[in-house]
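I have placed the structure first, in the form of structure tokens, so that the comments after it can refer back to it.
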Amino acid sequence: AKVAGRSQTSFFNPSMTRELVRRREIEDELRLAIMRDELSIFFQPIVDLGTGKIRSFEALVRWFHPEKGELRPDEFIPVAEETGVIVTLGNWITAQAARACAQWPEDVSVAVNLSPLQIRAPGAALGILNALREAKLDPRRLELEVTETLFVDDTHATAAFIEELSDRGVRFALDDFGTGYSSLGYINSFPFSKIKVDRSFVSGPNVGKKSDAIIRAVAEMGTTLGMEIVAEGIETIEQVRAVREAGCTLGQGYYFSRAVPDYLAAMLLAQERDD
Ligand code: C2E
Ligand code: CA
Ligand code: CA
Ligand code: CA
């Protein structure tokens, strides 16, 4: 009976089915979530490690589901990508982020994460330019965060998208640096203004002499090429010192602040201008 039970699990794995059902539910509900006003954008400060001032905020989407509670983007962004809902969702996120940024002082910008599928959708660049125009936001205040997965296939569409927007002043940051494929080729071919060193190099169990040397090397290369280096996932003052010492000019992480609603982001900015 034991053996039979085991072989059965390879055909019918209850936890796998639960996962599928959950995905299916998320897919259906995601389409309605925007209309039902269940989604919101939170903002996490990116801080100048020299002056301690906020230079920008990263827009991070949150879904407050009436039954499931708060869903993390890692749970629904992949579903949104697989189903194509990400295009609508992404345009909505960019519009919200641009609107919030337009309320901030002019030297503070906003960073928005882009999925590869969003870029390949027809009229992708136009969607972003429309969001900027509607919010009356200077394109130079928008930074798009992309990861190396963007370049895996269809580099032609990607190149056209990046060129069209960077011609108008939109900036690009290479996100999660160090977790994907070799990215030096992309850095050479595309006009990134920032490299975001993945948080696995900054905090957590794998941080040590090796990760420190990697950050140092990335920072030296990036600085030479005129890019700024952001350390993600900073949780302690020791990590602030370590990444600053390694050559990072910007930092982001729970040590400074979690992602907060737009009114709190505005308060953080007002507070630091009073000091
Ligand atoms: P990401 O772009 O690498 O975003 C940073 C993630 O690290 C965020 O998680 C943030 O809350 C978390 N984080 C920030 N500081 C710390 C820290 O000090 N320690 C730790 N342990 N974590 C920290 P979040 O908001 O759950 O987002 C997860 C991922 O979901 C993002 O990773 C991004 O890939 C994706 N995502 C989030 N919002 C959007 C969006 O609007 N559009 C798209 N396409 N993807 C998004
Ligand atoms: Ca990001
Ligand atoms: Ca990241
Ligand atoms: Ca990430």
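A few notes on this one:
- Residue within the range 170-180 that is exposed (fewer than 13 other Cβ atoms within 10 Å of the Cβ) and away from ligand 4 (no atom under 16 Å from the Cβ) present: no
- Residue pairs whose Cβ atoms lie under 6 Å apart, separated by 6 or more positions or on different chains, with the first residue in the range 79-90 and among the hydroxyl-bearing types (Ser, Thr, Tyr) and the second modelled with pLDDT under 90 and surrounded by fewer than 23 Cβ atoms within 10 Å (Cβ to Cβ), are Thr83/Glu27.
- Selection status of Arg99, more than 16 Å from ligand 2 (Cβ to nearest atom), under 17 Å from Phe172 (Cα atoms), charged (D, E, K, R) and out of contact with any Pro (no Cβ under 7 Å at 6 or more places or on another chain): no
- Residue match in the range 178-189 (condition: within 14 Å of ligand 3 (Cβ to nearest atom) and among the hydrophobic types (A, V, I, L, M, F, W, C)): no
- Among the residues of the range 212-254, the one identified as hydroxyl-bearing (Ser, Thr, Tyr) and surrounded by 18 or more Cβ atoms within 10 Å (Cβ to Cβ) is Thr249.
- Among the residues of the range 90-111, just one is under 21 Å from Val230 (Cβ atoms) and touching a Gly at 6+ places or on another chain (Cβ under 8 Å), namely Thr94.
- Hits in the range 207-245 - residues which are part of a strand (DSSP E or B), touching a helix residue (DSSP H, G or I) at 6+ places or on another chain (Cβ under 8 Å) and among the aliphatic types (A, V, I, L, M): Ile229, Ala231
- Neighbours by Cβ (under 6 Å, 6+ apart or cross-chain): first from the range 24-46, over 13 Å from Trp92 (Cα atoms); second among the hydroxyl-bearing types (Ser, Thr, Tyr) and in a helix (DSSP H, G or I): Glu27/Thr83
- Considering residues of the range 243-275 that are touching a residue at least 40 places away in the same chain (Cβ under 8 Å) and of a type in the set (Gly, Ala, Ser) only, the residue nearest to Leu39 (Cα to Cα): Ala259
- Enumerated strands (runs of 3 or more DSSP E) restricted to the range 32-131, each holding at least 2 residues that are surrounded by fewer than 19 Cβ atoms within 10 Å (Cβ to Cβ): 39-48, 54-65, 69-71
- Residue list for the range 181-198, filter: surrounded by 15 or more Cβ atoms within 10 Å (Cβ to Cβ), more than 10 Å from ligand 4 (Cβ to nearest atom) and assigned to a loop (DSSP other than H, G, I, E, B): Ser183, Phe190
- Residue within the range 254-264 that is of a type in the set (Phe, Trp, Tyr), away from ligand 1 (no atom under 15 Å from the Cβ) and either out of contact with any Asp or Glu (no Cβ under 9 Å at 6 or more places or on another chain) or farther than 24 Å from Cys101 by Cβ (or both) present: yes
The values are calculated or read from the model by the stated rules, or taken from the named source; none is laboratory data. Being a predicted model, the structure only gives us computed values, none of them experimental. Cβ atoms come from the backbone with ideal geometry, glycine included; neighbour counts cover every protein chain shown.
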